[in-house]
Amino acid sequence: MTQPPRLLPVVERATTTLPPLGKKTKGRQRRENRRVEDKESRQVTFSKRKSGLWKKAAELALLCRASLAIVVFSEAGKAFAFGSPSADAVLACADVDGDALAPVPAADDVEWEALEALCRETGAKGLEVAAEAERMSAVGKKVVEVQTQAGKRFWWEADVEALGEAELPVFARALQRLRDNVRRHADKMPSAAPQPH
């Protein structure tokens, strides 16, 4: 007598392909190295992989003071280039006959130090942006919490007395943006009021 197929592997597979509750994406996943068939997904993959390639090339150039050039052509034939010091400078040193490559003129230490300082500043700004995003998320959660506690349906009905000092300016700006959006939308609509005769 044959055994019925086990359902457990199907359930396990279903839980690994779906994002957990509360998450919007499946997160970072390993992708099989083969052509992406869906055109839209292929474009997204190209864009993300190109960005990752640029980031790695920039790190290599900065860490090793390497001169490099990368040229990538999209499916549509559009060229994208990255180079350090520039793609043109690196490619200009290549000998088309294939005999020898001329060395790329080395950047002086002052240029490298300026580039390194710019990279550090960019990293610091990225951290500031992440911290501000986290702060704004906390303010949003506080507004939703106050709204839920008061039993209100919409976020703008939240009790301002229950909000803290940090949340009030953000809440006021959000209300002003909402008002401006409603006003802009109302201005675009044709007048629905009946005309007096």
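Numbers below:
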item	result
Any pair with Cβ under 7 angstrom, 6 or more apart, that starts in segment 64-77 at a residue that is closer than 24 Å to Arg42 by Cα and ends at one that is exposed (fewer than 10 other Cβ atoms within 10 Å of the Cβ) and of a type in the set (A, V, I, L, M)	Val71/Ala79; Phe73/Ala79
Residue within segment 82-96 that is of a type in the set (D, E, K, R) and modelled with pLDDT of 90 or more present	no
Qualifying residue in segment 50-61 (condition: assigned by TED's automatic domain parsing to the domain that holds Ser86, out of contact with any strand residue (DSSP E or B) (no Cβ under 8 Å at 6 or more places or on another chain) and farther than 19 Å from Leu115 by Cα)	yes
Top-ranked residue of segment 145-164 - restricted to ones that are in a loop (DSSP other than H, G, I, E, B) and of a type in the set (D, E, K, R), ranked as surrounded by the fewest Cβ atoms within 10 Å (Cβ to Cβ)	Arg153
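The values are calculated or read from the model by the stated rules, or taken from the named source; none is laboratory data. As the structure is a computational prediction, the values presented were derived from the model and not from experiment. Because the Cβ atoms are built from the backbone with ideal geometry, glycine has one as well, and the counts that use them run over all protein chains shown.
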